[in-house]
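One structure below.
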Amino acid sequence: MALTFSQAHSLPRNPGMPLDLGMVEEARVNRSAVERRAATLPARRTVKKAWQAAWLLHAVKTLDLTTLSGDDTPGTVRRLCAKARRPVQPDLLAALGVEGLRLTVGAVCVYHEMVPTAVEALAGTDIPVAAVSAGFPAGLNPHRLKLQEIEASVAAGAREIDVVISRRHVLTGNWPALYQEVREFREACGEAHMKVILAVGELGTLKNVYKASVVAMQAGADFIKTSTGKEALNATLESSLVMLRAIRAYHQATGYQVGFKPAGGIRSAKQALDWLILVREELGVDWMQPRLFRIGASALLNDIERQLTHLAYGRYASMQYQPLG
Amino acid sequence: MTVAEIMQTLEYGPAPEAAEPALDWLRSHRNRFGLFIGGRWRAPKSGTWFATLNPADGRELAQVAQAGREDVELAVRAARRAFAAWGKTPGHLRARYLYALARQIQKHARLFAVLETLDNGKPIRETRDIDIPLVVRHFYYHAGWAQLMDSELSGYEPLGVVGQIIPWNFPLLMLAWKVAPALAMGNTVVLKPAEFTPLTALLFAEICVRVGLPAGVVNILTGDGRTGAALVEHPGVDKIAFTGSTEVGRLIRRATAGSGKRLSLELGGKSPFIVFEDADLDSAVEGVVDAIWFNQGQVCCAGSRLLVQEGIADGFYQKLKARMEKLRVGNPLDKAVDIGAIIAPVQLEKIKRLVQRGLEEGAELWQPSWAVPKEGCFYPPTLFTNVAPSATIAQEEIFGPVLAALTFRTPEEAVRLANNTRYGLAASVWSEDINLALDVATQIKAGTVWINSTNLFDAASGFGGYRESGFGREGGKEGLWEYVRRVRPRTPLARKKASPARPQRPEALPPIDRTAKLFIGGRQVRPDSGYSRLVYGPDGGLLGEVALGNRKDIRNAVEAARGGFEAWRRASAHHRAQILYFLAENLSERAAEFAYRIAQQTGQEGREEVEAAIEALFSAAAWADKYEGVVHPTPYRNVTLAIPEPVGVLGILCPDDWPLLALARLAGTALALGNALVVVPSPQAPLTATDFYQVLETSDVPAGVFNLITGERDELAQTLAEHDDVDAVWYAGPQEGQAMVERSSAGNMKRTWTLPQTGPLPEVEEVLRQATQVKNIWVPYGA
């Protein structure tokens, strides 16, 4: 039985809206209460056995398989793309009873220089290439160059662009500047989908995370994303919860669905499930689909394979049996 | 379901915790349990047994013994025998036992959790993550108090044998709340678990044996209400600690009246959950979930009345409904289930009945789209909107997953609605504005207020009620007083006979006839009855008259006290102290006259009493701004403020002797801490009190906070004890009067404090504790 969720979707992209500071300023985030929810949720929900297998296979579909290292070469990127095409070994799929499943990851995420290599390596698949951009990771390059970088990546074939915001706009409460910046990123992206990286670990408070989320969505973000993976503190369930609540509020206000991407520090299958549970509980099954949910990770896939191996064969797996990306 | 199918729906699927280890344990006892008396398992003398069922499927788990009167007798005797040694066991040794109990429960935590879920029907997530960890923490914490008792409670001793009766909603946790402080303070225990949920208490008994707890220190009697009644009535019990319904609490209050048994009661509630427009609404929704869908809503402090600011109400209900759709009801052993089974069909029927009533009274009902399991005792989470404050579902405790929502416009109205209840157990206040949140928290009549949080518990924080939610605290240092009494005899003031040559007034002219009146609302008023009582001296000479106050005078006095209370309690402690000092100053100015009056009425030398009274007023004034609260170190990022608040409107019936000192020590101290008083003075020497109101008048005591009614003590005491707007009665008088006061107090479950008719007065520290009740305000913080 061949199972794929179509990644093409007919839902309209979030076009953004004029900056509405009312929505920003009404942010109320109680840190202790958010932490309590984030801490108890993984204990309130769990998936076991076949359900866990299904959820982990689903997690693979939402994966933005990522390599963002200074020592990336065309060779390592091609290896990653090969893994993206076939993230789980066919024998394992067969053992789980889903032999026909055409399983691929959500995207491959690289720096601009690696975009052509990745596009070529993924030719013939639906897997989009995502490029980190706009002065990734610190976002302190000249604004003009950021726009050019985005345009260059789109021209090179990137269908998704992960941009970083200028954290100083958030830290100084300069919401018009943040709005303008993201708006222009969006224009530069054109048809490519834009994921706006908030770098939550550098925003100081969860309230700032909420406000930055709102402004990014008003400026036309297709996704909001937690982190670059390069900050000292990356994706946390707390900041994710706050972002999901902002997405919900934006959806209620505008009718547009904005996607969510946690990234940075998500290495274990258990963590991936925690994030899926969080999304399911806060936004619903709809938002768990790859068009609205991605996990940015590099090491996660191998741990998922190990867990799947255990679920399929009933014994614990070794990393050496999981093909490298 | 196949993996492929699940991938389409991304459902959770079953995630059951294995029941086998707990079932094995039951089998190891052949699914039949005797009574745990004197360290041994015994068959009940009653010869009867009853079944305990799993509410999730109605199946029998085990047969447990029904303890009868004879069994209660045996258990109390065993506890009494054990007390002889246990009460003298050094604190450090008791600490070791409590520590061992904590460790043992921790080591067998999952067995306890699974057994609790089987017996009670609550979700395994809650027993595993909340109940059992809190139990362990409670024993650790009180191991510490056992260790520290000698130094931190010096001058206090254990009470003796304590009878403890606990409810079915948190079986092991309530056991811990009862047993840990009792043992820590050196008492021995006869505990009756709820008939629906006896099993974890029986496992606990096994643990007691394992740690070598001396036989008889803990005795566990299973049984129904009859067992509880026998325990309550047993003359060999020194104290009853009860958690359960207000209805049963009232019966216990009446049954123990006049017995001299100490009593602490943790009863029902209808706790408000207040959401202001500036709250983190998404988090407040989660708060509601924890408030009313925790333990199927079968929680005495459940936030069952949702008060939402009108402007955000609709939006908040929308969020709440969306959240309710996500709740999962079902097999309590499933790790991903939020709401388990209702304890028993009888409770389910009660919930259904009250929901039906809610509909009939015009509230709008909303339930999620999904259905609850048909087998077993389940009820869906339920939201009522458009609820009038007068509706049954807004007033009556439902003890189920049913939330009644009301709206308010202003903080003042929120407080008024919050306090519009007979109960006062807990409250939850949601606002991002700390000014608003703390302002509201201090005005709510409840023993626990959670700001931006709900249902947080910890051994270090006292828990207990105001009003009909009971009295006494469990947890924190404030909870220890329920299990100790003072050792040191009260220091009597030396008495001297008045010199035979009685002081004489210069009487050139005939004296002007004086009329002693009642003192109500800051004014001297004549009694409603129109009668006066003659006051004679010990030699039979007529000294004067006092007004014969009656019910209506009491009514007026209570009204005046209620009117004066709020402003008085909110006056700064410094201000109250100033007034107490001023009272002392003005009394001192008239010392000779008061001494003369005392001598006249009692035949005793009065000068020393006047000096003692002045000192007592100084002491009260000194304490006014020093009887302070503490910050409990609970294991959250928060401050848990334990604030002693005045009890409210207090009736004080003074003893026969010490007419002035009793006023100063009892009334003065209560006044200093912000209470408003209705005082009935010594029947023997009432003229001292009627002289005293002139001192009150010249000392800036605000109108209404100190009212004086002369008359028949027991008659006035009864009116006060029955009065629904009196929060506490202190009664010094004969034993029958004490019994009457305690019995009559059960109407609104007011606090009572009974004292001997004559003899030394209590120490000021006891008066301070009686004059206050501790409110715990939890204030989480985080940038």
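The values are calculated or read from the model by the stated rules, or taken from the named source; none is laboratory data. All of these numbers come straight from a predicted model, not from anything done at the bench. All Cβ positions, even for glycine, are placed from backbone atoms using ideal geometry, and neighbour counts span all protein chains on display.
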Legend entry - the range B:681-697 residues that are in the same structural domain as residue B:538 (by TED's automatic domain parsing), paired with ones that are in a loop (DSSP other than H, G, I, E, B) (beta carbon under 6 Å, 6 or more apart): B:681/B:654; B:682/B:654; B:682/B:656; B:684/B:656; B:686/B:710; B:689/B:681; B:690/B:516
Inset, instruction - Count, please, the residues in the range B:703-715 that happen to be within 15 Å of residue B:732 (Cβ to Cβ) and either buried (at least 23 other Cβ atoms within 10 Å of the Cβ) or among the basic types (Lys, Arg) (or both). - result: 1
Inset, instruction - Inspect all residues belonging to the range A:292-300 and state whether any of them is under 28 Å from residue A:93 (Cβ atoms), part of a loop (DSSP other than H, G, I, E, B), away from chain B (no Cβ under 14 Å) and touching a strand residue (DSSP E or B) at 6+ places or on another chain (Cβ under 6 Å). - result: yes
Inset, instruction - Test each condition in (1) under 29 Å from residue B:427 (Cβ atoms); (2) free of Cβ contacts under 8 Å to residues at least 60 places away in the same chain; (3) not acidic (Asp, Glu); (4) not in a helix (DSSP H, G or I) for residue B:342 and report the one that comes out false. - result: (2)
Legend entry - Residue satisfying all of: in the range A:30-47; within 16 Å of residue B:637 (Cα to Cα) and of a type in the set (A, V, I, L, M); nearest to the other protein chains (Cβ to nearest Cβ) among these: A:33
Inset, instruction - Mind counting the residues in the range A:13-29 that are in a loop (DSSP other than H, G, I, E, B) and away from every other protein chain (no Cβ under 11 Å)? - result: 8
Inset, instruction - Name every residue in the range A:246-276 that is basic (Lys, Arg), closer than 21 Å to residue A:193 by Cβ and not in a helix (DSSP H, G or I), in order of residue number. - result: A:261
Inset, instruction - Show the residue pairs that are 6+ apart or on different chains and have beta-carbon atoms under 9 Å apart, the first residue being within the range B:551-574 and closer than 21 Å to residue B:419 by Cα, the second being part of a helix (DSSP H, G or I) and of a type in the set (Ser, Thr, Tyr). - result: B:558/B:719; B:570/B:442
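So that you can scan it fast, the table gives a plain yes or no per residue for (1) more than 30 Å from residue A:44 (Cα to Cα); (2) hydroxyl-bearing (Ser, Thr, Tyr):
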{"residue": "B:24", "(1), (2)": "no, no"}
{"residue": "B:47", "(1), (2)": "yes, no"}
{"residue": "B:55", "(1), (2)": "no, no"}
{"residue": "B:60", "(1), (2)": "no, no"}
{"residue": "B:63", "(1), (2)": "yes, no"}
{"residue": "B:79", "(1), (2)": "yes, no"}
{"residue": "B:97", "(1), (2)": "yes, yes"}
{"residue": "B:106", "(1), (2)": "no, no"}
{"residue": "B:112", "(1), (2)": "no, no"}
Legend entry - So residue B:392, is it in the same structural domain as residue B:435 (by TED's automatic domain parsing), surrounded by fewer than 20 Cβ atoms within 10 Å (Cβ to Cβ), under 30 Å from the mean Cα position of the chain (by Cα) and within 22 Å of residue B:244 (Cα to Cα): yes
Inset, instruction - State whether the residues of the range B:631-638 include one that is of a type in the set (S, T, N, Q), surrounded by fewer than 24 Cβ atoms within 10 Å (Cβ to Cβ) and more than 14 Å from chain A (Cβ to nearest Cβ). - result: no
Inset, instruction - Being in a loop (DSSP other than H, G, I, E, B) and in the same structural domain as residue B:169 (by TED's automatic domain parsing) narrows it down to one of B:201, B:205, B:215, B:255, so name that one. - result: B:215
Inset, instruction - Go over the candidates A:105, A:98 one by one and state the one that is within 19 Å of residue A:62 (Cβ to Cβ), in contact with a strand residue (DSSP E or B) (Cβ under 8 Å, 6 or more places away or on another chain) and not polar (S, T, N, Q). - result: A:105
Inset, instruction - Please state which one of B:133, B:167 is outside any helix (DSSP H, G or I) and assigned by TED's automatic domain parsing to the domain that holds residue B:33. - result: B:167
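Pick out the one residue from A:246, A:263, A:253 that is of a type outside the set (D, E, K, R), in contact with a strand residue (DSSP E or B) (Cβ under 6 Å, 6 or more places away or on another chain), modelled with pLDDT of 95 or more and within 29 Å of residue A:188 (Cβ to Cβ).
Of A:246, A:263, A:253, the one residue that is of a type outside the set (D, E, K, R), in contact with a strand residue (DSSP E or B) (Cβ under 6 Å, 6 or more places away or on another chain), modelled with pLDDT of 95 or more and within 29 Å of residue A:188 (Cβ to Cβ) is A:263.
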Inset, instruction - Give the residue that is farthest from the other protein chains (Cβ to nearest Cβ), with candidates limited to residues of the range B:1-50 that are β-branched (Val, Ile, Thr) and in contact with a Gly (Cβ under 9 Å, 6 or more places away or on another chain). - result: B:48
Inset, instruction - Mind checking which strands (runs of 3 or more DSSP E) fall wholly inside the range B:505-558 and carry at least 3 residues that are over 16 Å from residue B:719 (Cβ atoms)? - result: B:523-525, B:532-536, B:542-547
Inset, instruction - Give me a count of the residues in the range A:1-36 that are modelled with pLDDT of 95 or more and among the aromatic types (Phe, Trp, Tyr). - result: 0
Legend entry - Selected residue [farther than 30 Å from residue B:441 by Cα and of a type outside the set (Phe, Trp, Tyr)] from B:332, B:401: B:332
Legend entry - Considering residues of the range A:246-263 that are in contact with a Gly (Cβ under 9 Å, 6 or more places away or on another chain) and more than 16 Å from residue A:24 (Cβ to Cβ) only, the residue surrounded by the fewest Cβ atoms within 10 Å (Cβ to Cβ): A:256
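Let's see how each residue does on (1) more than 30 Å from residue B:459 (Cα to Cα); (2) at pLDDT 95 or above; (3) within 14 Å of another protein chain (Cβ to nearest Cβ); (4) crowded, with 24+ Cβ neighbours inside 10 Å:
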| site | (1), (2), (3), (4) |
| --- | --- |
| B:732 | yes, yes, no, yes |
| B:740 | yes, yes, no, no |
| B:743 | yes, yes, no, no |
| B:759 | yes, no, no, no |
| B:762 | no, no, no, no |
| B:769 | no, yes, no, no |
Legend entry - Residues satisfying the stated conditions in the range A:301-325, i.e. closer than 14 Å to residue A:95 by Cα and either surrounded by fewer than 21 Cβ atoms within 10 Å (Cβ to Cβ) or not hydroxyl-bearing (Ser, Thr, Tyr) (or both): A:305, A:306, A:307, A:308, A:310, A:311, A:312, A:313, A:314, A:315
Legend entry - Qualifying positions in the range A:276-286 - more than 9 Å from chain B (Cβ to nearest Cβ) and either free of Cβ contacts under 8 Å to residues at least 40 places away in the same chain or touching a His at 6+ places or on another chain (Cβ under 8 Å) (or both): A:279, A:283, A:286
Legend entry - strands (runs of 3 or more DSSP E) contained entirely in the range B:379-494, each with at least 2 residues that are of a type in the set (Val, Ile, Thr) and more than 14 Å from chain A (Cβ to nearest Cβ): B:382-385, B:402-408, B:448-451
Legend entry - Which numbered condition residue A:75 fails, given (1) away from chain B (no Cβ under 14 Å); (2) surrounded by 15 or more Cβ atoms within 10 Å (Cβ to Cβ); (3) part of a helix (DSSP H, G or I): (2)
Inset, instruction - With the condition kept exactly as written, say whether any residue in the range B:274-287 is among the polar types (S, T, N, Q), away from chain A (no Cβ under 14 Å) and in contact (Cβ under 8 Å) with a residue 40 or more places away in the chain. - result: no
Inset, instruction - For the range A:22-43, indicate whether the set of residues that are buried (at least 17 other Cβ atoms within 10 Å of the Cβ), among the polar types (S, T, N, Q) and within 30 Å of residue B:278 (Cα to Cα) is non-empty. - result: yes
